[in-house]
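In what follows, a structure is listed as structure tokens, so that the remarks can point back to it.
The values are calculated or read from the model by the stated rules, or taken from the named source; none is laboratory data. Not measured: the values here are computed from a predicted model. Areas reflect the complete protein model, heavy atoms only, side chains present, ligands, DNA and RNA absent. Shrake-Rupley method; radii C 1.70, N 1.55, O 1.52, S 1.80 Å.
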Amino acid sequence: MDRPPWQRSSMCAGGGNNCLEIAAVKGGIALRESTEPDQVIRTGPSAFRALVRGIRASATADSA
């Protein structure tokens, strides 16, 4: 299997190893934590969009 091009979150603390990484893979999105790169979660695009919307809504509610 080809290795996907992982992208780190812009919220990654100083480029350290405590980061969420995502990659586009055939049929969806893969997510992993940089401290455990062998543990990968795969999801579909609609579930990933719902996750991002939920995180954004939570961040907006926390800042209010």
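Its convex hull of Cα atoms gives the chain a direction-averaged projected area, equal to a quarter of the hull surface, of 5.0 nm². Structure remark: mean-square fluctuation, Gaussian network model of the chain, C-alpha springs under 10 Å; the largest value among LEU20, LEU51, LEU31 belongs to LEU51.
Taking only protein heavy atoms into account and a 1.4 Å probe, give the accessible area per residue of region 20-64 in Å².
Values: 3290 Å² over 45 residues.
Heavy-atom accessible area per residue stands at 73 Å².
With the full set of protein chains in place, find how many percent of the accessible area of the chain is carbon and sulfur; take the probe as 1.4 Å. Whole-percent figure for carbon plus sulfur exposure: 53.
Could you identify which residue out of VAL25, VAL40, VAL52 has the top mean-square fluctuation in a GNM of the chain using Cα springs shorter than 10 Å? Per the Cα network of the chain with a 10 Å cutoff, VAL52 tops the list. Between helix 45-63 and the chain there is an angle of about 30 degrees, using the helix long axis and the longest principal axis of the Cα atoms.
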